[in-house]
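Worksheet for the structure shown next.
The values are calculated or read from the model by the stated rules, or taken from the named source; none is laboratory data. The shown structure was predicted, so the numbers you read here are calculated from the model rather than taken from an experiment. Glycine also receives a Cβ, built like all others from the backbone with ideal geometry; neighbour counts cover every protein chain displayed. Each accessible area value is taken on the protein alone, full model and side chains, heavy atoms only, with ligands, DNA and RNA left out. Shrake-Rupley method; radii C 1.70, N 1.55, O 1.52, S 1.80 Å.
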Amino acid sequence: MAQVELNGKIVECLRGDITRQDDMEAVVNAANAQLMPGGGVAGAIHSAAGPGLVAECRPMAPIRPGEAVLTGAHDLPNRFVIHCLGPVYGVDEPSDHWLAECYRNALELADSKGIASVAFPAISTGAFGYPLESAAEIALATVRQVLPGLENVTRVRFVLFGASDEQVFSSRLLSTIE
Ligand code: ADP
């Protein structure tokens, strides 16, 4: 677990499950283009949210790499889900640009809806094959760049599924403030 304060706003990294972030107003889904259940984060989010989420998502699909869309959270313990389509590494090029766009668009969308807290998984680092170190660098640099300009978002959390993933994000977070 690592936490830093940036201009009065909190950025933190912890190990956990994105479907169990009860204290966060919005959680981010590492979605597929069709916004449907699948493996990884999308599977976990849809199974915790229940069938109402699939129904709400259907008319919004497909989405493009880098895009973020908002739905209700249904049976999840949050108010909203922000669905982002990360780039498939080495296919949706330039991947670093599209990955940064996911974080930027998700944060700007949250802010425009008055959302104060957003929890992200490590988008694209599972089935989409993005190397974790580079994904962490892009994720944290983008949050650091975008967060100071937002009015409503005051807390951003990265929820990492594995201990080593949490280590990589936490050390990168701490090194960005030096
Ligand atoms: P993508 O298709 O964008 O790569 P995945 O869902 O396959 O998305 O994986 C993204 C990351 O989320 C991976 O590092 C994976 O280990 C992690 N992950 C999988 N399930 C969960 C969960 N329930 N909570 C948080 N992170 C998860």
With residue 151 itself left out, Lys, Arg at +1 and Asp, Glu at -1 over residues whose Cβ is under 13 Å from its Cβ give 0
The orientation-averaged projected area of the Cα convex hull of the chain, in nm², is 8.8
Phi-derived 3J(HN,Hα) across the range 67-72 with the Karplus relation (6.51, -1.76, 1.60, θ = phi - 60°), rounded Hz, x for Gly and Pro, is 7, 9, 10, 10, 9, x
Note, residue 51: beta-carbon cut-off 13 Å, +1 each Lys/Arg, -1 each Asp/Glu, net -1
So, relative contact order of the range 2-175 in percent, Cα under 8 Å, 6 or more apart, is 30
In whole Hz, the Karplus estimates of ³J(HN,Hα) for the range 29-37 (6.51, -1.76, 1.60; θ = phi - 60°; x where Gly or Pro) are 9, 7, 7, 9, 4, 7, 6, 9, x
Sorted by chain and then number, the residues having a modelled amide H within less than 5 Å of the amide H of residue 15, at least 5 places away or on another chain, are 160
Once both label points are put 7 Å beyond Cα along the C-beta direction, the residue 1-residue 108 separation in nm becomes 3.3
Sorted by number, the cysteines in the chain with no other cysteine beta-carbon under 4.7 Å are 13, 57
Each label sits 7 Å from Cα toward the beta-carbon; between residue 47 and residue 154 the label points are separated, in nm, by 3.6
Per the 1/(1 + (r/R0)^6) rule, R0 = 22 Å and r from the Cβ atoms of residue 88 and residue 171, FRET efficiency to 0.05 is 0.25
With R₀ set to 30 angstrom, the calculated FRET efficiency between the beta-carbons of residue 127 and residue 9, to the nearest 0.05, is 0.45
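Could you please report the charge total around residue 161, scoring K, R as +1 and D, E as -1 over all other residues with beta-carbon less than 12 angstrom from its beta-carbon?
Neighbour charge sum, excluding residue 161 itself: -1.
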From the Cα centre of the range 60-133 to that of the range 149-172, the distance in Å is 14
So the carbon and sulfur contribution to the accessible area of the range 135-175, 1.4 Å probe, in percent, is 47
Long-range amide H partners of residue 6, meaning residues 5 or more apart or on another chain whose placed amide H is closer than 5 Å, are 11
